[in-house]
Amino acid sequence: MADTLAADIKLIVFQLKDKEYAIPVNHVQGIEKVEHITRVPRTEKFIKGVINLRGVITPIIDLRSRFGIEEENFTDSTRVIIVSVNDLEVGFIVDLANDVIDIPVASIEPPPEVVGVKEVEYINGVAKIGKRLLILIDLEMILDTESFSSSRSEG
Amino acid sequence: MDMNQYLEVFIEESKEHLQACNEQLLELEKNPENIAIVNEIFRSAHTLKGMSATMGYEDLAKLTHQMENVLDAIRNHKIKFNPEILDVVFLAVDDLEAMVQSIAEGGDGKRDVSDAVGKLLLIEKGESPVLAEAKSEVAAAVAEPLHAAKSQYDEFEYTVLQQSKEQGFETFEITVALREDCLLKAARVFMIFEILEKIGEVIKSNPAVDQLEEEQFDHEFTVTIVSKEMKDDIQKKLMKVSEVDKVDVNPISLEELRQFEVEEAEITQTPEIETPAKEVEKNVDAPNKKEDKKTTSSAKQTSNKTIRVNIERLDILMNLFEELVIDRGRLEQISRDLNNQELHETVERMSRVTGDLQNIILNMRMVPVETVFNRFPRMVRQLARDLNKKINLEIIGAETELDRTVIDEIGDPLVHLIRNALDHGVETPEVRKANGKPEEGTVVLKAYHSGNHVFIEIEDDGAGISRDKVLAKALSKGIVTEQAAASMTDNQVYELILASGFSTAEKISDVSGRGVGLDVVKSTIESLGGTISIESRLGQGSIFSIQLPLTLSIISVMLTEIQNEKFAIPLSSIIETAIVNKAEILNAHNQRVIDFRGKVVPLLFLKDIFEVPVVTEDDEFYSVVIVRKGDKMAGLVVDSFIGQQEVVLKSLGNYLTNVFAISGATILGNGQVALIVDCNALIK
């Protein structure tokens, strides 16, 4: 994502707890309200289940839980961002998805090296826009099923 | 002229005609005397010739033309039919297939056909070709729309016909009624035409001759002929044909006849107007072209009832329809909430219509298994020759319908199994004789519906599977341990041959038996949601039985509720449902069981297995779904039954793979997702 040739990159911004995160818009299929989620038994804790997205069964991941942030009940502003990466289509539950912005690629910096923060493995970089700090998440890492085992032992 | 738009149609139709040739040739091998079959092949070859010449595939046209000549000679008894001829014709059909294949793959369809053409020429020259042509001239007159060969004479002949009318030939309209119980209508038609051919010339028949020969008429047909014979004589002659009920001969006036001619001329003329580009070719053999057009147009009449639709479009249709079903569910919900009578009625009507629509869409995806089976007779014939075995392939239930997606996948596994049956199952004629069996082995390929499944069985009356040999092999390959081997049932042992790295044939042959085939068969079938089992009796033969879901996309389920969650259990695994009192539950080795119809059935509490959040307290009664996997049974405890329903099976996607005991999901009427329980994973 950082090596995109265009000088600007379009991002979908969403909130988890009090932080702002971003994913490139080209991976986003849509933003939906939370509807009935069918729990899938014996899966990872952060997999909330599956929803019917216009006839397609789509797994739903709670990003709070994925990042180790305490979970909260869904509110009116809770959204599901449908992303698609390499054949995989999943939905992310986020607290709020309210912004689409263009930022210059150059403004993206590598993630700060902080020890002990769980989400750091899923971060691609950070971007500072005025006072806002956007955390760019690494979709491929989040959706990597291989990392399940490690996250489970930690969680 | 740009032919690209016709290319697809050409390829499809060519394949169909070649398939028809293949089938009929095999049929002919069994009944070498049956001229009707030769006619069928001739017709296919002829259409093929016309099409390929039109499309500019010279080699294809050349070869079919030569094949046609030979077939024509056969049906006119100029050449005695024998197996050598059949082989050459098969060779020619092979060449044709290769060419059509090459065209389908974007090639130019060129191929050296001189070998096949040469052989066909030799056969034809075995008799006087002049005679054959002269004879076919008459044949062409008899059954005009199909018999177009040598029709260089046709135009000439046509004028002769007109002249003969002017020369005072009587014109008769003959109505022939066959007996109601007539079995071989086509044969009778042929005999009648043969008589008519002797006493005069046929101008027109209703229905058309090819329809008559395909028995596409009730019991009555009308033929118009010109003849110098007396009306009564004609009638007497025709009545000699057995199974003819009634013959009416009516002389008709010349005026009426002219009208017929005009009509006929129009029929032959119109296609030419549509395709002016063919003028050049037509100079070479103009009447031939006319005939071609007529055959194709009459063929189209019969095939008009079907159209080809890309399977992708059906998939899209299906997906759209599923969305509609979900919206319907919502509408139903809304209409219930609003409690408006008019809305109620409208929604109910819509529900019924969509229900019908669903059936139609699902049925559209069903294809007879014949499309897979029809390539086997040819394959078996060839293999039997290669292996020096005598094998008779019987196909039963080719009309059984399966979902298109299953059809597409099932071909290769079946090829493997049939090859296996031929190579390893059926013995050589000498061995069979020594063992007191008929020299000719029989392989039966059978398909039938049973419940929500389709069964395909491949049965041979060959040597069967030797338990000892299989075990010895499996042990030496390290597939099983000795302890495990001792306690295995025969069927379990047989299934070892489906394990990878297994091959019992002492000698590796070209046909099958590199040990790679059968495990692929097993995995393909399992990936389709099916199972394969083997029965065998040493010395008497084996049955490989494949069980497949009727469709990959729609299954019947029992919807159940566990706490607030809904789970669907495939009806195919369910034996029955029961309500069990808590007091009836027994404990055996830490396992709760019930006594169900004299059998001890272990209970599985889905609530625990699926870690369902508990919101309500246990009832005094348990709702139990008794399911089975093979011989084993289990009782799945749920909270309540909702009912039986047809649902669309959907996968959980690429992200959620290997979820324990869940085989997929479905979307319910209210738009929510329900998971489908995989009973096979629950029963160990």
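The values are calculated or read from the model by the stated rules, or taken from the named source; none is laboratory data. Source: prediction; values computed, not measured. Cβ placement follows ideal geometry from the backbone for every residue including glycine, while neighbour counts extend to all protein chains displayed.
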Discussion item. What's the total number of residues in the range B:394-418 that are under 24 Å from B:D519 (Cα atoms) and either touching a residue at least 12 places away in the same chain (Cβ under 8 Å) or among the hydroxyl-bearing types (S, T, Y) (or both)?
Written reply: 16
Worksheet item: Given the conditions (1) more than 14 Å from chain A (Cβ to nearest Cβ); (2) in a strand (DSSP E or B), which single one is not true for B:K684?
Response: (2)
Discussion item. I need the full set of residues from the range A:41-55 which are at the interface with chain B (Cβ under 8 Å from one of its Cβ atoms), within 23 Å of A:F14 (Cβ to Cβ) and surrounded by fewer than 17 Cβ atoms within 10 Å (Cβ to Cβ), in order please.
Written reply: A:R54
Practice prompt. For B:I555, indicate whether it is surrounded by 17 or more Cβ atoms within 10 Å (Cβ to Cβ) and either outside any strand (DSSP E or B) or not aromatic (F, W, Y) (or both).
Written response: yes
Worksheet item: Which condition does A:T38 not pass, out of (1) modelled with pLDDT under 85; (2) buried (at least 21 other Cβ atoms within 10 Å of the Cβ); (3) of a type in the set (S, T, Y), if it passes all the others?
Response: (1)
Discussion item. All but one of (1) loosely packed, with under 12 Cβ neighbours inside 10 Å; (2) within 14 Å of chain A (Cβ to nearest Cβ); (3) of a type outside the set (D, E) hold for B:K566; state the number of the condition that does not hold.
Written reply: (1)
Worksheet, complete the sentence: Residues of the range B:196-218 being surrounded by fewer than 18 Cβ atoms within 10 Å (Cβ to Cβ) and under 17 Å from B:E170 (Cβ atoms), in sequence order, are B:E197, B:K198, B:I199
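Might you let me know whether the range A:53-69 holds any residue that is of a type in the set (G, A, S) and touching a helix residue (DSSP H, G or I) at 6+ places or on another chain (Cβ under 7 Å)?
yes
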Response to the item:
Of B:I465, B:I458, the only residue that is in a strand (DSSP E or B), buried (at least 16 other Cβ atoms within 10 Å of the Cβ) and in contact with a strand residue (DSSP E or B) (Cβ under 8 Å, 6 or more places away or on another chain) is B:I458
Worksheet item: So which of B:G529, B:G478 ends up being more than 22 Å from B:L383 (Cα to Cα), crowded, with 20+ Cβ neighbours inside 10 Å, out of contact with any helix residue (DSSP H, G or I) (no Cβ under 8 Å at 6 or more places or on another chain) and at pLDDT below 80?
Response: B:G529
Discussion item. Can you tell me how many residues within the range B:29-84 are aromatic (F, W, Y) and touching a residue at least 60 places away in the same chain (Cβ under 8 Å)?
Written reply: 1
Practice prompt. Might you let me know whether the range B:436-445 holds any residue that is among the hydrophobic types (A, V, I, L, M, F, W, C), more than 16 Å from B:T371 (Cα to Cα) and buried (at least 18 other Cβ atoms within 10 Å of the Cβ)?
Written response: yes
Fill in: Tally, over the range A:48-78, of residues that are touching a Leu at 6+ places or on another chain (Cβ under 7 Å) and either farther than 17 Å from A:K33 by Cα or touching a residue at least 40 places away in the same chain (Cβ under 8 Å) (or both)
4
Worksheet entry | Restricting the range A:12-28 to residues that are touching a helix residue (DSSP H, G or I) at 6+ places or on another chain (Cβ under 7 Å) and modelled with pLDDT of 90 or more, the residue that is farthest from the other protein chains (Cβ to nearest Cβ) | A:I12
Discussion item. Looking only at the range A:56-92, how many residues end up being of a type in the set (D, E) and within 11 Å of another protein chain (Cβ to nearest Cβ)?
Written reply: 2
Response to the item:
Among (1) away from chain B (no Cβ under 14 Å); (2) under 11 Å from the mean Cα position of the chain (by Cα); (3) modelled with pLDDT of 90 or more, A:I31 falls short only on (2)
Item to complete: Would you be able to say whether some residue in the range B:352-360 is surrounded by fewer than 12 Cβ atoms within 10 Å (Cβ to Cβ), touching a strand residue (DSSP E or B) at 6+ places or on another chain (Cβ under 8 Å) and among the acidic types (D, E)?
Response: no
Practice prompt. Give, as residue ranges, the strands (runs of 3 or more DSSP E) completely inside the range B:600-667 that count at least 2 residues that are within 14 Å of chain A (Cβ to nearest Cβ).
Written response: B:632-638, B:640-648, B:662-667
Worksheet item: Just checking, how many residues over the range B:532-586 are within 22 Å of A:V40 (Cβ to Cβ), more than 28 Å from the chain's Cα centre (by Cα) and of a type in the set (G, A, S)?
Response: 2
Worksheet entry | Subset of the range B:627-670 (residues that are over 13 Å from B:F567 (Cα atoms), modelled with pLDDT under 80 and surrounded by 20 or more Cβ atoms within 10 Å (Cβ to Cβ)) | B:V648
Worksheet item: Give me the pairs: first residue in the range B:109-126 and surrounded by 12 or more Cβ atoms within 10 Å (Cβ to Cβ), second residue hydroxyl-bearing (S, T, Y) and modelled with pLDDT of 75 or more, beta-carbon distance under 9 Å, and six or more apart or on different chains, which are they?
Response: B:G109/B:S52; B:G109/B:Y57; B:G109/B:S102; B:K110/B:Y57; B:K110/B:S102; B:R111/B:S102
Worksheet item: Name the residues in the range B:4-39 that are among the polar types (S, T, N, Q), over 18 Å from the mean Cα position of the chain (by Cα) and surrounded by 15 or more Cβ atoms within 10 Å (Cβ to Cβ), would you?
Response: B:N34, B:N39
